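The values are calculated or read from the model by the stated rules, or taken from the named source; none is laboratory data. Values in this document were obtained by computation on a predicted structure and should not be read as measured data. Neighbour counts are summed over all protein chains in view; Cβ atoms, including those assigned to glycine, are modelled from backbone coordinates with ideal geometry.
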Amino acid sequence: MPNDKFAYYLGIRFLGSEKSYFFACEDNNFALGDLVIVMTASGVEAGKVTCLPAPIATYSSTLELKPILRKADNRDIADFNQNLEDAKRALAITRTEVERLSLAMDLIDAFYNIDASRITITYTSTEKRVDFRELLKVLAAQLGCRIELRQIASRDKAKMVGGIGICGLPLCCTTFLNQFEGISIQRAKNQMLTLNIPKLSGHCGKLICCLTYEDDAYTEAKKEFPKLGMSVTTEDGPYFVDAINVLSRNVRLVNAGHSDYKTYSLEDFNAILNGTYKPKVELIKAEEALPSFGIEKTSQKQENPANSQPKNQKNDRDRNNKGGDRRDNRDNRENRENKDNRDNRDRRDNRDNRDKKNRHNQQNHQNGPKDNNRPNQQKPQNPEGEQQSRDNRGNRNRHRHYRHRHGGNNNGGNGDNAA
């Protein structure tokens, strides 16, 4: 119902809702995204402009338009931002209490009104009704304001949370869908889709909304196609309609024994029903034949007698060449194996030398470094050993004296003969 006191109306969206509501305004000095303060049935609320002002004469709904109080000033914007931070803390407190009370509630979001006198908490639940009376008592003592717990459906949750669909685009419910229609599995059957429920389900767990987009088009297109099981007589006998493809406009036939299948276009199938169908075998053969470019067929190339050789000699030469190639391959393989063996032996010797050097270094480290500046230490005195050494020296001297006197050899003789 238009309001004669105002000249324009615009659309506003509130927190926690994806639907726009219309309010009346006196001027059109508003832009998309502006924060405005309005009066609603729940009290004073803040919302953002989603539809530009339009003349009040174009408003066709019977609902009464409520006025916009004012455009948000700096204080309203500061209160709005502060409420967003307080709502996050309140949601964390609520989640803690829900876990403590073991309630079947999946919290989604929380938001205050502009004067922070009321907080709305949205949630989903697998149960139809949740007893949260004890939760309200605890939250009222901690938050100190009016609390509203609002249960939403799974589709509303997907609309609020958002996401990417199987098509790679943002979800339809978060972009342009404002109302949800009932979707049954009959729509999938009408579009001849495979009845795979997980693939046909969206983020909300329900059947995807896009099943409704092409359902009417499939219903209209299928009117031109025959019904499944319809009998038709072909040149090979009676056949039955086994399947149809609306997109490619083809009809598949099968015989009574399900041993032979034939696929025709919809036009050819109608021609078979009318008796005007003509096989296109000749046309197919003509299409498959290669085009003629006017190239004449020439005789085979004559062989040069000088280069021609008997067939047996040529085969022997090829066989010998193949044998030589095999020998070369075997020699190359043996050379590679010998080289690998030499490399392995060199690596093993290097490893042994390295280990021996490491052991030698460890032994020197244990014995300690040699000190060249260390003074010479006197050997311990051994009287018996010294006496034995003197006796040995005396024996050697007597033996030399004896050899000098008797000719210098053990065989005897005088000194003159020796000289």
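Looking only at residues in region 100-148 that are among the aromatic types (F, W, Y) and over 19 Å from G47 (Cβ atoms), which one is modelled with the highest pLDDT?
Of the residues in region 100-148, the ones among the aromatic types (F, W, Y) are 111-112, 123, 132.
Now narrow it down to the ones that are over 19 Å from G47 (Cβ atoms): 123, 132.
Values: Y123: 90, F132: 86.
My answer is Y123.
The rows are residues; the columns are (1) of a type outside the set (F, W, Y); (2) surrounded by 17 or more Cβ atoms within 10 Å (Cβ to Cβ); (3) under 25 Å from A158 (Cβ atoms); (4) touching an Asp or Glu at 6+ places or on another chain (Cβ under 9 Å).
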| site | (1), (2), (3), (4) |
| --- | --- |
| F23 | no, yes, no, no |
| N29 | yes, no, no, no |
| G43 | yes, no, no, yes |
| A54 | yes, no, no, no |
| K66 | yes, no, no, no |
| N74 | yes, no, no, no |
| A92 | yes, no, yes, no |
| T96 | yes, no, no, no |
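Check whether at least one residue in region 207-217 is among the small types (G, A, S), exposed (fewer than 14 other Cβ atoms within 10 Å of the Cβ) and at pLDDT below 90, and report yes or no.
No, every residue in region 207-217 fails to be among the small types (G, A, S), exposed (fewer than 14 other Cβ atoms within 10 Å of the Cβ) and at pLDDT below 90.
Is it true that T94 is assigned to a helix (DSSP H, G or I), of a type in the set (S, T, Y) and in contact with a helix residue (DSSP H, G or I) (Cβ under 9 Å, 6 or more places away or on another chain)?
Taking the combined requirement at face value, the residue satisfies it.
For the condition among the hydrophobic types (A, V, I, L, M, F, W, C), in contact with a His (Cβ under 8 Å, 6 or more places away or on another chain) and free of Cβ contacts under 8 Å to residues at least 40 places away in the same chain, what is the one hit in L211, L195, L177, L171? First the steps, then the outcome.
Values: L211 fails: in contact with a His (Cβ under 8 Å, 6 or more places away or on another chain); L195 fails: in contact with a His (Cβ under 8 Å, 6 or more places away or on another chain); L177 fails: in contact with a His (Cβ under 8 Å, 6 or more places away or on another chain).
When all the criteria are applied, what remains is L171.
Determine the pairs where a residue that is at pLDDT below 85, located within region 44-61, has a partner that is of a type outside the set (K, R) with Cβ atoms under 8 Å apart, the partner being 6 or more residues away or on another chain.
S61/M1; S61/F22
For region 222-315, list the strands (runs of 3 or more DSSP E) that sit wholly inside it and hold at least 3 residues that are β-branched (V, I, T) and either under 30 Å from M192 (Cα atoms) or at pLDDT 90 or above (or both); which are they? Give the derivation first.
Working: elements: 231-234, 237-245, 250-255, 261-265.
Answer list for region 222-315: 231-234.
Please find, within region 215-250, the residue that is nearest to Q186 (Cα to Cα) out of those that are within 39 Å of the chain's Cα centre (by Cα) and of a type in the set (A, V, I, L, M, F, W, C).
A217
For F240, indicate whether it is outside the structural domain of L193 (by TED's automatic domain parsing) and in contact (Cβ under 8 Å) with a residue 24 or more places away in the chain.
Spelling it out, it is not the case that F240 is outside the structural domain of L193 (by TED's automatic domain parsing) and in contact (Cβ under 8 Å) with a residue 24 or more places away in the chain.
If I ask for residues that are in contact with a Cys (Cβ under 8 Å, 6 or more places away or on another chain) and either over 23 Å from K19 (Cβ atoms) or assigned to a helix (DSSP H, G or I) (or both), which ones from region 120-169 would you list?
S154, R155, K157, A158, K159, C167
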